[in-house]
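Please read the structure below before turning to the comments.
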Amino acid sequence: MGRVGTALRELRGAQKSAKGVSLYSRFVNRPVGRYLAAGSYALGLTPNQVTLISAALSFAAAALVAVVAPSWVLGLAVWALLALGFAFDSADGQLARLRGGGSAAGEWLDHVVDCAKLTALHSCVLIAFHRFPEAYGTGSDGWLLVPLGFQLAAVVTYFGGLLTEKLKPKPAPGSPAEAPSTLRAVALLPVDYGVFCLVFLPLGGGGLFARAYAAFGAVAALFLAAFLVKWFRELSAVRR
């Protein structure tokens, strides 16, 4: 317990900026990830091992969606696995900072897992809509386009945001961190992965899940359009 307490104290002073982070990630996922990082540190786990734990939980949840008939119990299990996987996704970076900094290979692994997780989850929803059309109310072939569109929006948003951060000039060393905007943190809630995980809770609700999922997909597409305009304008102003 002593190592966990020491790790928690050090982690509180080693958090990333809250700029551009939704309220869920800031006040739920990161704090939970901090405890998981401290526990992982006490157990002697490496950041890469924590990343793989996150991957195992997330892929298990996606597989359940694809192969198990929908029910309220399934929804609870899928949400719990996804939410815990997301928390471990936060823990790997915090553990890396606690251990003195991450590696290029570790960052690469983290991003590859994140991209694979998004692709697999929406692909498994597509499979579920095809396998259990009566349970989800997705008998029309048009419903199969919904996960494909959601997947496109999610992956392009992830990759576009990542690439934008890589191409934007870095602030000068020692520059004060920009204060996070509460309004922006609230506005980003609909496209926060942790909030999206909640949509799987009503898997046993018949068409309720399919319609909630489609609504989140529509919001993701709207946010993607806004993000693309914002990112292009920001990078257009960068001198090379």
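The values are calculated or read from the model by the stated rules, or taken from the named source; none is laboratory data. Here the structure is a predicted model, which means the values were calculated and not measured. When we count neighbours, we look across all protein chains shown, and the Cβ atoms used for this are built from the backbone with ideal geometry, even at glycine. In case anyone asks, the SASA skips ligands and DNA or RNA and just uses the protein heavy atoms, side chains included. Shrake-Rupley method; radii C 1.70, N 1.55, O 1.52, S 1.80 Å.
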Provide, as a two-decimal number, the C-alpha radius of gyration of the chain over 2.2 N^0.38 Å, N being how many residues it has.
1.07
Degrees between helix 207-236 axis and first principal axis of the chain (Cα, 0 to 90, nearest 10):
40
Accessible surface, per residue, of the chain when the full set of protein chains is kept, probe 1.4 Å, Å²:
53
Charged-residue dipole, Cβ positions (Lys, Arg, Asp, Glu), the chain about Cα centre, Debye nearest 20
880
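Within the chain, what whole-number % of the accessible surface is contributed by carbon and sulfur, with the 1.4 Å probe and all protein chains included in the calculation?
On the way: 8660 of 12640 Å².
On the chain, the fraction of accessible area on carbon and sulfur atoms equals 68 percent.
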Each label point is 7 Å from the Cα along the Cα-to-Cβ direction; what then is the distance between the points at Lys170 and Ala69, in nm?
5.5
Among Gly75, Gly93, Gly206: highest mean-square fluctuation, GNM of the chain, C-alpha pairs under 10 Å
Gly206
Give the angle, between 0 and 90 degrees and rounded to the nearest 10, that separates the Cα long axis of helix 2-12 from the longest principal axis of the Cα atoms of the chain.
90
